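> One structure, pasted below without further comment.
The values are calculated or read from the model by the stated rules, or taken from the named source; none is laboratory data. Computed from a predicted structure; not experimentally measured. Quick reminder, even Gly has a Cβ in these numbers, built from the backbone with ideal geometry, and neighbours come from all protein chains shown.
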Number of protein chains: 2
Amino acid sequence: MFKPTPEFGFALKATDGLARRGTLTTAWGQVETPVFMPVGTAATVKGMMPESVVSTGASIILANTYHLMLRPGAERVAKLGGVRKMMGWDGPLLTDSGGFQVMSLGSLRKLDEDGVTFKSHLDGSQHRLTPKRSTEIQYLLDATITMAFDECTPFPATKLVAAESMALSMRWAKRSREAFHPRTGYGQFGIVQGSVFSDLRAESVAALEGIGFEGYAVGGLAVGEGQSAMFETLEETTPLMLDNKPRYLMGVGKPSDLVGGVARGIDMFDCVLPTRSGRTGQGFTRRGPVNLKNARHADDPRPLDESCSCPACARYSRAYLHHLFKAEEVLSLMLLSWHNIHYYQDLMREMRRAIEIERFSEFEILFHTMQGLGDIDPL
Amino acid sequence: MFKPTPEFGFALKATDGLARRGTLTTAWGQVETPVFMPVGTAATVKGMMPESVVSTGASIILANTYHLMLRPGAERVAKLGGVRKMMGWDGPLLTDSGGFQVMSLGSLRKLDEDGVTFKSHLDGSQHRLTPKRSTEIQYLLDATITMAFDECTPFPATKLVAAESMALSMRWAKRSREAFHPRTGYGQFGIVQGSVFSDLRAESVAALEGIGFEGYAVGGLAVGEGQSAMFETLEETTPLMLDNKPRYLMGVGKPSDLVGGVARGIDMFDCVLPTRSGRTGQGFTRRGPVNLKNARHADDPRPLDESCSCPACARYSRAYLHHLFKAEEVLSLMLLSWHNIHYYQDLMREMRRAIEIERFSEFEILFHTMQGLGDIDPL
């Protein structure tokens, strides 16, 4: 049966203060926002089967241009049908542009007006990314949402440096857009830069809207400026952004960052924190983070979070999870990554619901009160 | 509703030559034999969720007295309801006695008439295992099948050494039996020793049957003697063993070892090979082992084994599996361990079926022919 590919689009369904409840429509499915996107850097959400990721309620995931261009290679992924097909992910996929990772390489990279030349962290081989090549790679990866190639301005930066960096990102955004190959149900997002300077952020928003994208990201935050400076920058930036386009805060963050981001009008987030913490023994709970390696859990028959329905909480004790971490068993990170992604999705579900019923402020208070309680007492 | 616990028992349903098709009944479920038991050393089959293990068709798993007594500790496991409850395994569980691991410690252990004193490989702390303590630990772990504590005779051994070692194991078998606390639906197996000397094996079988166990294992094989010596020893040993009791070949083996073991009257096997190989990139297939790290797979869109229905084969390409191994992603070992356990269970299913229809010789020929073909040609 013929099923027409839906147009890429964003519909705002409700608002509560600056917080927004929306639906993003793509060729590969709908995404209810605010949304958290688990990160599958190398075309796998670390330690999880795709069906486990789906079971948490995740509807869109992220993959990484920089990592995939180096290994297994963009053209190879294309021959295998793109990232989604290769890794067995049925929903929409967002890829970052590689800009952030390349900038992180430090002395291994060299920036010029047209792009960045860099050495692979894997084998030292030389590569080059430009707005055109990054966009082409994301096409080869079959990204449902392509990100513009930008320079993630380091923090701290003087206003002059931030302005020049932002201006370069805006010239690259234009070239990224020119290189984007439009397909029904697919979109491309521009990335707002400008560090913590509100006038630069405003200038960046205007420049990107002048080019015109299907969505807009806020980049260059969560790079060391601290949560309050991040929130301040968001407050000065999101009100300038178009209401009818999705807003994506890149690389963020901790649970309280997500709550504060939604409160300031952000619709989309991604972060490695839930899976990375899952590998180191940190579990996120309604009562704050819990370190399962701590000896206090060794004899505790209770679940990590009794209000959580993930397999780690529904079927296992803290004592068993503690044992798995002490024994460095793979199942430890499998279970805790699953739990953490599940927790993040629960948090987003609760926020979506709170906005729908216009109780987001109450939700925020309850969230911070619960987090402040700290972990349950030892037995 | 009251459900009476079934008696522990073994019923022979069919034979074909020496090959046997049976059903083992336990308090925690039935086991169709010949059976392969995946190994969950530290109360987890490495890299797999228990439900994934079940989905392969596995009906009984193994855990390890030595590892669990050191971490998390037998008394702690008992407080958590035993290994089965702690790890969420619904079926029967067999525990080895710790003898094999302790003997492997070399200079870290000291043997005397009553048992072994040894230093933990984890922290050097001193511990002691005796037939009584090993049996008590397995009770604390809630093993459905407890193994007698024995000395695994090293290979090669002179006949004198092998005879003395076997005699010690027989004295320990008696003490293990005395320490066994009978429960309905639970059983204890004695372990035949005697290295490659058929008269010693015969003496050991007689000694164990004199004590009386619910089942009998063949120990001290697959320790370097080679497949043909192992098969020869089996041929001289299994015909002496009771027909109406299960026979378990410990720590074996490769697919061809399992086929040859079944052909020689073995009912039960365990081995770390499928999960260990899963971690190093070796996949077992109907056409022999395949090393997924090999560059020949980098662009291959075909499944590892097209006749396999496991998730790794049903949903992913060799190219993706190769990528996951090159990128050292956790999902690589998750998928390949799953496949390998699934392959082993398929192999056992096929053997059970072949015995039922009295076509085991034809099965053996087909198995060796297929394995001899080697992997499919590169594209």
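> Among the residues of segment B:15-32, which ones are closer than 9 Å to B:G185 by Cβ and of a type in the set (G, A, S)?
The answer is B:A27, and nothing else.
> Quick one: would you say B:G224 is at positive phi, free of Cβ contacts under 8 Å to residues at least 24 places away in the same chain, assigned by TED's automatic domain parsing to the domain that holds B:G251 and not in a strand (DSSP E or B)?
no
> Can I ask one more? Residues being free of Cβ contacts under 8 Å to residues at least 40 places away in the same chain and closer than 25 Å to A:S332 by Cβ: count how many of those fall in segment B:86-103.
2
> Just wondering, is there one or more residues in segment A:23-36 that are within 14 Å of chain B (Cβ to nearest Cβ) and either in a strand (DSSP E or B) or farther than 29 Å from A:G260 by Cα (or both)?
Let us first name the residues in segment A:23-36 that are within 14 Å of chain B (Cβ to nearest Cβ), namely none.
Looking for residues that are within 14 Å of chain B (Cβ to nearest Cβ) and either in a strand (DSSP E or B) or farther than 29 Å from A:G260 by Cα (or both), one finds none in segment A:23-36, hence no.
> Out of all the residues in segment B:205-244, which are of a type outside the set (A, V, I, L, M) and over 18 Å from B:R264 (Cα atoms)?
Step one: of segment B:205-244, the residues of a type outside the set (A, V, I, L, M) are B:209-210, B:212-216, B:219-220, B:224-228, B:231-233, B:235-239, B:243-244.
Those that are of a type outside the set (A, V, I, L, M) and over 18 Å from B:R264 (Cα atoms): B:E209, B:G210, B:G212, B:F213, B:E214, B:G224.
> Being within 19 Å of the chain's Cα centre (by Cα) and among the aromatic types (F, W, Y) is the filter here, so list the residues in segment B:140-170 that pass it. Can you show your working first?
Initial filter on segment B:140-170 (within 19 Å of the chain's Cα centre (by Cα)): B:141-154.
Within segment B:140-170, just B:F149 meets the criteria.
> Would you point out which residue out of B:V54, B:V77, B:V83 is over 30 Å from B:P131 (Cβ atoms), out of contact with any Lys or Arg (no Cβ under 7 Å at 6 or more places or on another chain), within 14 Å of chain A (Cβ to nearest Cβ) and assigned to a helix (DSSP H, G or I)? Don't jump to the end; show me each part of the working.
Values: B:V77 fails: over 30 Å from B:P131 (Cβ atoms); B:V83 fails: over 30 Å from B:P131 (Cβ atoms).
Exactly one of B:V54, B:V77, B:V83 is over 30 Å from B:P131 (Cβ atoms), out of contact with any Lys or Arg (no Cβ under 7 Å at 6 or more places or on another chain), within 14 Å of chain A (Cβ to nearest Cβ) and assigned to a helix (DSSP H, G or I), namely B:V54.
> Separate question: Considering only segment A:57-69, I want to know if a residue exists there that is within 10 Å of another protein chain (Cβ to nearest Cβ) and either in contact (Cβ under 8 Å) with a residue 12 or more places away in the chain or not in a loop (DSSP other than H, G, I, E, B) (or both).
yes
The rows are residues; the columns are (1) buried (at least 20 other Cβ atoms within 10 Å of the Cβ); (2) part of a strand (DSSP E or B); (3) at pLDDT 95 or above.
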| site | (1), (2), (3) |
| --- | --- |
| B:A162 | yes, no, yes |
| B:A167 | no, no, yes |
| B:R171 | no, no, yes |
| B:K174 | no, no, yes |
| B:H181 | no, no, yes |
| B:G185 | no, no, yes |
| B:F189 | yes, yes, yes |
| B:S195 | yes, no, yes |
| B:R201 | yes, no, yes |
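> Only one of B:A163, B:A157 is in contact with a helix residue (DSSP H, G or I) (Cβ under 6 Å, 6 or more places away or on another chain), small (G, A, S) and more than 24 Å from B:T44 (Cα to Cα); which?
Unique residue meeting the criteria: B:A163.
> Also: Taking only segment B:295-324 into account, find how many residues are within 11 Å of chain A (Cβ to nearest Cβ) and within 29 Å of the chain's Cα centre (by Cα).
Matching residues across segment B:295-324 total 9.
> Please go through segment A:209-221 and give me each residue that is crowded, with 21+ Cβ neighbours inside 10 Å and without any contact (Cβ under 8 Å) to a residue 60 or more places away in the chain, ordered by number.
Applying the first criterion (crowded, with 21+ Cβ neighbours inside 10 Å) to segment A:209-221 yields A:213-221.
Those that are crowded, with 21+ Cβ neighbours inside 10 Å and without any contact (Cβ under 8 Å) to a residue 60 or more places away in the chain: A:Y216, A:V218, A:L221.
> Then there's this: Could you please give the count of residues in segment B:112-135 that are in a loop (DSSP other than H, G, I, E, B) and touching a His at 6+ places or on another chain (Cβ under 7 Å)?
1
> Just to check your reading of the model, which residue among B:R349, B:R359, B:R353 is without any contact (Cβ under 8 Å) to a residue 24 or more places away in the chain and either in contact with a Phe, Trp or Tyr (Cβ under 6 Å, 6 or more places away or on another chain) or more than 14 Å from every other protein chain (Cβ to nearest Cβ) (or both)?
After ruling out the rest, the residue left standing is B:R353.
> Would you confirm whether any residue within segment B:39-49 is of a type in the set (A, V, I, L, M), free of Cβ contacts under 8 Å to residues at least 24 places away in the same chain, within 14 Å of chain A (Cβ to nearest Cβ) and touching a helix residue (DSSP H, G or I) at 6+ places or on another chain (Cβ under 8 Å)?
yes
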